[in-house]
Amino acid sequence: MLATRYRDLDKVTHVGMRQFNVVLLGAGGVGKSALTVRFVKDQFLDHYDPTIEEEYRRTITVDNELTSLEVLDTAGAEQFTSLNEVYIKAGRGFILVFSLTQEASLKEVENIRQQIYQIKGGGTNVPIVVVGTKLDLQSEREVQHATIQSLASRWNLPFYETSAKRNWHVNDVFEDIVRQMRERYPPENVNRKKKKGPCIIM
């Protein structure tokens, strides 16, 4: 993995803190890196440097509960899409990213969504959030509200419109995926049935 220097962002360990990994997937240039860096470092990337693979880590408090979140920012370039299967198999939660200024990028999200269900199993309740980026570029917007509302209803998935530049709704995205992962993957000790002791007849 690249960017392992970000592994030490959270030096304090918390006993019993849940840990999850989330994978960002989407076409190239839609703003996956900007979204990730805004969330992890509260900075805005004002230049585009095509990502191959970057891994970040941040501790986030959601509903008064700490969670350690590993965020994998993946490549969107066509030559790397073969890696999607590897990412999907390893991921527990997925943020599917498209640009509100590029309608074609929404089609790529549909393809990735179908691939996730194929790999994870169609009947599996997979934690997924769909994110439209570049909300601040209203004059360049191509994806309409009606389209998003229709897809949200059809796919039964949460959609967020965000701006990494303005820091609009970025944290909402990651808080939503954390809640979904907590529900989908409860602590093992909660699921384990207590072993019954031997039946003793007095």
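A few comments on the model shown:
- Cβ crowding within 10 Å averaged over residues, with 29-35, 163-169, 39-45 ranked highest first: 29-35, 163-169, 39-45
- Neighbourhood charge, 10 Å Cβ-Cβ cut-off, centred on Ile95 and excluding it, Lys, Arg +1 and Asp, Glu -1: -1
- Placing pseudo-labels 7 Å out from each Cα toward the beta carbon at Trp168 and Glu183 gives an inter-label distance of 2.6 nm.
- Cut-off 19 Å, label 7 Å out along Cα→Cβ of Glu85, residues of segment 17-33 by amide N: 25-26
- Given R0 = 22 Å, the distance between the Cβ atoms of Met17 and Ala152 translates into a calculated FRET efficiency of 0.10.
- Segment 104-186: C-alpha gyration tensor shape, a/c 1.5 cut-off, then a/b vs b/c: oblate
Any read-out appearing in this document is the output of simple, stated calculations on the displayed coordinates, not a laboratory observation. Given the structure is predicted, the values throughout are model-derived calculations rather than measurements. Neighbour counts are summed over all protein chains in view; Cβ atoms, including those assigned to glycine, are modelled from backbone coordinates with ideal geometry.
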